[in-house]
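To start, the structure itself, in structure tokens.
The values are calculated or read from the model by the stated rules, or taken from the named source; none is laboratory data. For clarity, every value in this text was computed on a predicted model and none was experimentally measured. In this analysis, Cβ positions are derived from the backbone assuming ideal geometry, glycine residues included, and neighbour counts consider all displayed protein chains. What goes into the accessible areas is simple: the full protein's heavy atoms, side chains included, and nothing from ligands, DNA or RNA. Shrake-Rupley method; radii C 1.70, N 1.55, O 1.52, S 1.80 Å.
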Amino acid sequence: MTDSKYFTTTKKGEIFELKAELNSDKKEKKKEAVKKVIASMTVGKDVSALFPDVVNCMQTDNLELKKLVYLYLMNYAKSQPDMAIMAVNTFVKDCEDPNPLIRALAVRTMGCIRVDKITEYLCEPLRKCLKDEDPYVRKTAAVCVAKLHDINAQLVEDQGFLDTLKDLISDSNPMVVANAVAALSEIAESHPSSNLLDLNPQSINKLLTALNECTEWGQIFILDCLANYMPKDDREAQSICERVTPRLSHANSAVVLSAVKVLMKFMEMLSKDLDYYGTLLKKLAPPLVTLLSAEPELQYVALRNINLIVQKRPEILKHEMKVFFVKYNDPIYVKLEKLDIMIRLASQANIAQVLAELKEYATEVDVDFVRKAVRAIGRCAIKVEQSAERCVSTLLDLIQTKVNYVVQEAIVVIKDIFRKYPNKYESVIATLCENLDSLDEPEARAAMIWIVGEYAERIDNADELLESFLEGFHDESTQVQLQLLTAIVKLFLKKPTETQELVQQVLSLATQDSDNPDLRDRGYIYWRLLSTDPVAAKEVVLAEKPLISEETDLIEPTLLDELICYIGTLASVYHKPPSAFVEGGRGVVHKSLPPRTASSESAESPETAPTGAPPGEQPDVIPAQGDLLGDLLNLDLGPPVSGPPLATSSVQMGAVDLLGGGLDSLMGDEPEGIGGTNFVAPPTAAVPANLGAPIGSGLSDLFDLTSGVGTLSGSYVAPKAVWLPAMKAKGLEISGTFTRQVGSISMDLQLTNKALQVMTDFAIQFNRNSFGLAPAAPLQVHAPLSPNQTVEISLPLSTVGSVMKMEPLNNLQVAVKNNIDVFYFSTLYPLHILFVEDGKMDRQMFLATWKDIPNENEAQFQIRDCPLNAEAASSKLQSSNIFTVAKRNVEGQDMLYQSLKLTNGIWVLAELRIQPGNPSCTLSLKCRAPEVSQHVYQAYETILKN
Amino acid sequence: MIGGLFIYNHKGEVLISRVYRDDIGSRQAADSAVFSSSGPFPGEWLEARNAVDAFRVNVIHARQQVRSPVTNIARTSFFHVKRSNIWLAAVTKQNVNAAMVFEFLYKMCDVMAAYFGKISEENIKNNFVLIYELLDEILDFGYPQNSETGALKTFITQQGIKSQHQTKEEQSQITSQVTGQIGWRREGIKYRRNELFLDVLESVNLLMSPQGQVLSAHVSGRVVMKSYLSGMPECKFGMNDKIVIEKQGKGTADETSKSGKQSIAIDDCTFHQCVRLSKFDSERSISFIPPDGEFELMRYRTTKDIILPFRVIPLVREVGRTKLEVKVVIKSNFKPSLLAQKIEVRIPTPLNTSGVQVICMKGKAKYKASENAIVWKIKRMAGMKESQISAEIELLPTNDKKKWARPPISMNFEVPFAPSGLKVRYLKVFEPKLNYSDHDVIKWVRYIGRSGIYETRC
């Protein structure tokens, strides 16, 4: 039998046919029909209309049919909560079924139906199932508690399910234990303070016993849970380690990685003098290497984790360099990760092999990979001093290939080598200068310019070279401009006589003709320095440069320690704490390694670099390129990586902030991403440099929004509010408001480009909404939006779009697209933009309608602090299309009877009672669609108060 | 945990979608499908659809090759694997165990393959009801549950079990198996003839420099067992593991001298979940109750004293800018009585090759323009022999500055021995309840060594 026929496209009227079939008497036909429904659901057709018919099929003893109906229920129950109740009885009955498979199925499915009303009915069956005699039912019920907790946490606590769940940890069946552990761990994550997973030596013992007996998945749950435990002393830590190590031989890589996590964490507590410590270290290496023979996707996860482990404990894998050699057929993501680890493991002992490999890689096809390989050669030179000479000659060989991106990458790294080993390899400058013309990437150009400026005294035609760059100054990217400015100032300080004209030229270009504040400010600083105190200028500009350290892009130690606690999870793959990519409260509990036991190694505080770099060198780390992503971004955004010597730290801090922000908006939106946290350089370190470099964030402040208040006549216009902050939209900030003027609605938008990149190709789209609002014209942004530019647009709206009831009613979901990405936001529109001009009802009609609408549809509101008299209020409201039909004075109170009509034809009748002298007034609304009343009231309030 | 699981065809159409958690596919995760009216669901902003579409647009339809098997789109993480034309994607918004998710996806593929064979669009569409049923069972609220095919097949069948047809005992037997300690085997299996097959399958990997220096070499091996045994047999597996032999050697000195040479050093091994790991850790003995039928008992890796079955000696000479001379010699390095099979040597050629002349002593060689390689095939070759191929490659002159990357010469073959030197010493079977003994079991052992990535740079 083939089921594919259900996927064939169907014609109109299909729903009716299905309906008939579902109600057929023949069981087979019924089942066929349900299958068709599920197939339609899968491909995204809306078959919710069949809800009652499908639910009717639920009463069956055919397990397969039952499962299909349940599947349907899980999908649509939320959209049809009232009808879902129809299913409750069957569920409750099924939970009593003699067949444990059916009991479990019922409790499992019920937990998946996220309808509040159903959860009430779920409690009793769930309580029974948690104590069921059959382990299959118990293990299903355990998970169901987590489901219920997700829907209604309070209910779970009130009903005492958490205690029952805790009891299940002592269950005789290992799978029940594993599921209970999984459920409790998840619930505990959302209650960081609670002591839910009350782990103590006894319960740990139970878990360790279950570990030997349960399924591979269960072992993962248990190991992940164990990793959260804090042993009370080193002996307990050791005994747990001993019982966990056998898991390293499991065929399932996730079991292995979770075991590694437990061991890495508890190892912190073991003294390094212990024999066991050494044994454990030895035991860790083989399974980590074995992970590399898994499928590529798992290799990738393993490599990302090994990258962390190598930073934390380099000794584990120091002899395993060869397994990280890149294979020709490795997927690119595996290649890049292996390369990263190779550099980390490079040492004097294996450098020859590593270099030979890297040279091979530099001739590969994938551009990113080749670039990274070239960069790696440079890093080897910086890391292993003995190899520097060989690295430089390899790089020169590569430059000879004339492959454009190889040459550029080589020049960038040679610049760093110069800095690391001053006065050693400058002889190659001549070769570099030959390639000046082929450099077209900003980073390479900037590096070359830095070299020319730095060694101006040795390069005879330095002034000519720099002058040649100056011709196209305005077309260069910022980092090149900054670099050129600094280089020429250096040149001037070294050879003042013949370069005066040049320096004048560049200073005026930077300060007068440029609108880049970074550049302008640096230009002014130099200018003032040079004009007031040339000696001081020399001290500042030609100052001794801080040494650069070999370890670039090390993960900052506290973050590293946190990530070690997340081995195997997504956090370890992204190299970001969970808070950076998980929404809400879940999983943001900050984890940390247990404190190191005081032993012979007390000197190694966690603050020092794990590789044992001497303390104090940390702040000098050159800002790393981050991971590959950083590298790629780097090329686009072009932060001045090779800043002028003194300004280095702060310029880069600023630049890096931007980079970090960019990275984050790719991955999430927390401001503290890897980009930001990677860097150790304290911003206050170089005070003079701070002057020279306005920090990136300051830049955006200058262009902060000036929220314009609508002054147009017509209905009230709220001031523009920020709808989409730049942080969430890769630098695009959108603020806006809604207006209604002479019968047409429009959305007034203000788009600001806070990124460093020009934005083009704007488009806008609305989701279906309660009143069918839709753009009446495409979003017209005529010119590309350049950085820091703001544009104001008025987008006409129509109300003929498709309609879907939203929650809240006036919610509007908007998608905006530009050349960078698509962004989503939602906003609430004030209802009064929907009040039409012909909303005045005649008196008779008003009276009749008011009587006609049932009293339960009447809603009463208080509008406070509104000291207006009846006339003022009436005219104010009238301009927003709320019309006064009649006015009466009853017992000193002014009664205004008003009417308004919405774009979709709904009439709203109002009675506004104003008491002179009393700042509050009372509003009674009557409408056939009472759900709008709340929003009409809000509209009244806004109009009257503004 | 896993928030949802989707299966797509190569066009990005959804074949299977199962959402376990509400959090996936929130508004933020929507995508530019909203803007393209060509998408199958224009304007559909239903919650789960967003995650579905985001993946299609950002991964399946992406122009670039996959840069990471985990993709984060608007705070939603997509884990994806591809099997032929089919994409499987697991979606989550939490900090899940990434290794577990991938292991689960592989397992999912295995389970599907065990039920209906090859994973193809056709097969998935034909079995979508079954797949939904499986997904309901093996993943609960995103937590992987028992996914052993042996157990699943007892109660998830394509026919559909009618509950009233099962006896109470049958039902509780199913549930205890699914949740029990030995979830991979059911009780009451009977065979008239107790028989087992052991296959030692090795893949030998090599990366050699043009000068014949071994840059890296390792064997990754698998012991695959097919068991047709009655009852709940307790098995014990022994091989020439150096550590075990040395341990035993302490007692009987003469045995060490005999078997000591033949023992091998295993770098690392992993076992099927039926093997008692704590026992292996403490005694290094491999004991287990096997699943019925075929399963992978263990995987291992060795790097020391590997017998490299073939040696490739390349010689590439550039004659001017338009000609390349290639000579490759292969030497077989094993007992002359053994025969290697399915030998294939692949010699890459530059992209601007215009013509190739090949002469080979043995087998057949052909230039395959579409693969940019000369493929040399030899059906059989005995040990301690050598053979040679020479080729002249004519090149079109190009102004491409970029040098040809010279990919390594790769080789494929199959040999009837284990290049790691692994030997099965015993596999003992005990079944205390039934009256058959170890001697009554018919056992078969076979060794196959295959090339993994066997490359020589040139």
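Data table
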| read-out | value |
| --- | --- |
| Some residue of the stretch A:130-138 being over 15 Å from A:Tyr70 (Cβ atoms), part of a helix (DSSP H, G or I) and more than 11 Å from chain B (Cβ to nearest Cβ) | yes |
| Qualifying residue in the stretch A:458-475 (condition: free of Cβ contacts under 8 Å to residues at least 40 places away in the same chain, crowded, with 16+ Cβ neighbours inside 10 Å and over 30 Å from A:Asp515 (Cβ atoms)) | yes |
| Which numbered condition B:Leu130 misses (of (1) farther than 25 Å from A:Val181 by Cβ; (2) surrounded by 21 or more Cβ atoms within 10 Å (Cβ to Cβ)) | (2) |
| Among (1) over 24 Å from B:Ala114 (Cα atoms); (2) open to solvent by less than 30 Å² (accessible area, probe 1.4 Å); (3) among the aliphatic types (A, V, I, L, M) - the single one B:Ile243 does not satisfy | (2) |
| The stretch A:816-836, subset within 12 Å of chain B (Cβ to nearest Cβ), surrounded by fewer than 22 Cβ atoms within 10 Å (Cβ to Cβ) and without any contact (Cβ under 8 Å) to a residue 60 or more places away in the chain, residue nearest to the chain's Cα centre (by Cα) | A:Val822 |
| In the stretch A:157-178, the residues that are within 14 Å of another protein chain (Cβ to nearest Cβ) and either of a type in the set (Val, Ile, Thr) or open to solvent by 20 Å² or more (accessible area, probe 1.4 Å) (or both) | A:Asp171, A:Ser172, A:Val176, A:Val177 |
| Members of the stretch B:77-105 found to be in a strand (DSSP E or B) and either over 22 Å from B:Asp22 (Cβ atoms) or facing chain A (nearest Cβ under 9 Å) (or both), listed by number | B:Ser77, B:Phe79, B:His80, B:Val81, B:Lys82, B:Arg83, B:Ile86, B:Trp87, B:Thr92, B:Asn97 |
| Candidate set from the stretch A:53-87 (those that are at pLDDT 85 or above and away from chain B (no Cβ under 13 Å)); member that is surrounded by the most Cβ atoms within 10 Å (Cβ to Cβ) | A:Val54 |
| Hits in the stretch A:928-942 - residues which are assigned to a helix (DSSP H, G or I) and small (Gly, Ala, Ser) | A:Ser933, A:Ala939 |
| In the stretch A:488-504, residue surrounded by the fewest Cβ atoms within 10 Å (Cβ to Cβ) [restricted to those that are over 16 Å from A:Asp521 (Cα atoms) and touching a residue at least 40 places away in the same chain (Cβ under 8 Å)] | A:Lys494 |
| In the stretch A:788-803, the residues that are over 29 Å from the mean Cα position of the chain (by Cα) and open to solvent by 40 Å² or more (accessible area, probe 1.4 Å) | A:Ser794, A:Pro796, A:Thr799, A:Val800, A:Ser802, A:Val803 |
| Residue check, A:Asp198 of a type in the set (D, E, K, R) and either more than 12 Å from chain B (Cβ to nearest Cβ) or assigned to a loop (DSSP other than H, G, I, E, B) (or both) | yes |
| Spans of helices (runs of 4 or more DSSP H) in the stretch A:491-556 with at least 2 residues polar (S, T, N, Q) | A:500-511, A:517-532 |
| Test: residue in the stretch B:231-245 that is away from every other protein chain (no Cβ under 11 Å), in contact with a Gly (Cβ under 8 Å, 6 or more places away or on another chain) and assigned to a helix (DSSP H, G or I) | yes |
| Unique match (being modelled with pLDDT of 90 or more, out of contact with any Gly (no Cβ under 9 Å at 6 or more places or on another chain) and farther than 20 Å from B:Leu134 by Cα) among A:Leu126, A:Leu155, A:Leu130, A:Leu148 | A:Leu130 |
| Meets criteria (in a strand (DSSP E or B), at positive phi and not acidic (Asp, Glu)) for B:Lys342 | yes |
| Qualifying residue in the stretch A:40-47 (condition: part of a helix (DSSP H, G or I), under 36 Å from the mean Cα position of the chain (by Cα) and facing chain B (nearest Cβ under 8 Å)) | yes |
| A:Ser185 open to solvent by 20 Å² or more (accessible area, probe 1.4 Å) and not in a helix (DSSP H, G or I) | no |
| Scope the stretch A:215-250; condition in a loop (DSSP other than H, G, I, E, B), farther than 24 Å from A:Lys139 by Cα and either within 12 Å of chain B (Cβ to nearest Cβ) or open to solvent by 10 Å² or more (accessible area, probe 1.4 Å) (or both); matching residues | A:Met230, A:Lys232, A:Asp233 |
| Selection status of A:Arg103, open to solvent by 10 Å² or more (accessible area, probe 1.4 Å) and touching a Cys at 6+ places or on another chain (Cβ under 9 Å) | yes |
| Residues (open to solvent by 30 Å² or more (accessible area, probe 1.4 Å) and facing chain A (nearest Cβ under 10 Å)) located in the stretch B:274-283 | B:Arg276, B:Ser278, B:Lys279, B:Asp281, B:Ser282 |
| In the stretch A:769-786, the residues that are open to solvent by less than 50 Å² (accessible area, probe 1.4 Å) and over 25 Å from A:Thr903 (Cα atoms) | A:Val781, A:Leu785, A:Ser786 |
| Any hit, the stretch B:111-128, residues being in contact with a Cys (Cβ under 8 Å, 6 or more places away or on another chain), modelled with pLDDT of 90 or more and farther than 22 Å from A:Asp134 by Cβ | yes |
| Unmet requirement for B:Lys327, which otherwise passes all of (1) part of a strand (DSSP E or B); (2) open to solvent by 20 Å² or more (accessible area, probe 1.4 Å); (3) in contact with a Gly (Cβ under 9 Å, 6 or more places away or on another chain); (4) charged (D, E, K, R) | (3) |
| Test: residue in the stretch B:78-91 that is under 29 Å from A:Ala729 (Cα atoms) and among the polar types (S, T, N, Q) | no |
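This table checks each residue for (1) surrounded by fewer than 20 Cβ atoms within 10 Å (Cβ to Cβ); (2) of a type in the set (S, T, N, Q); (3) within 24 Å of A:Met86 (Cβ to Cβ).
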| residue | (1), (2), (3) |
| --- | --- |
| A:Arg114 | yes, no, yes |
| A:Lys117 | yes, no, yes |
| A:Cys123 | yes, no, yes |
| A:Lys131 | yes, no, no |
| A:Pro135 | no, no, no |
| A:Thr140 | no, yes, yes |
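Yes/no per residue for (1) in a strand (DSSP E or B); (2) at pLDDT below 90; (3) within 12 Å of another protein chain (Cβ to nearest Cβ):
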position: B:Lys153; (1), (2), (3): no, yes, no
position: B:Gln173; (1), (2), (3): no, yes, yes
position: B:Gln181; (1), (2), (3): no, yes, yes
position: B:Glu187; (1), (2), (3): no, yes, no
position: B:Arg193; (1), (2), (3): no, no, no
position: B:Gly212; (1), (2), (3): no, yes, no
position: B:Leu215; (1), (2), (3): yes, yes, yes
